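Asker: Below: one structure in structure tokens.
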Amino acid sequence: MSTRNILWIDELAVANIEDSPERMLFILRDDDGTHLTIWLQDGVFRFECSSAQPLGSVWYEAKRGIARNVLKYANWQKHANYFINRRLDHFADSSLPLIIFSNAAKS
């Protein structure tokens, strides 16, 4: 069974927490399409951050080609926008927080 919780601020969905037998996702996003996603799958945390705009490097154009032609993703264009997409193996069994929200005033 899967569950999905959405955090709304005013009329904007700013975060999702999704839990399924395969993985648990935390997605933080803005209203322009930029998002930060952290998920736990097979005991390994994965982390990705995507810009709302394509980055335009040769590497990302190659990733778009793979997403379009090999993986057959329906929304292959967005794969030029990731500026971080990596595994975080060393955090999977720790109590170290991955995200800390703070509005503490700077002195």
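Coordinate-derived values only; no laboratory data. Given the structure is predicted, the values throughout are model-derived calculations rather than measurements. Methodologically, a virtual Cβ is constructed for each residue, glycine included, from the backbone with ideal geometry; neighbour enumeration extends over all protein chains shown.
Asker: Give, in nm to one decimal, the length gained when the segment between Asp42 and Arg87 is fully stretched (0.36 nm per residue of separation minus the Cα-Cα distance).
Answerer: Computed gain between Asp42 and Arg87 is 15.1 nm.
Asker: A further question follows. Can you give the local net charge around Ala74? Use residues other than it whose beta-carbon is closer than 14 angstrom to its beta-carbon, Lys and Arg +1, Asp and Glu -1.
Answerer: +4
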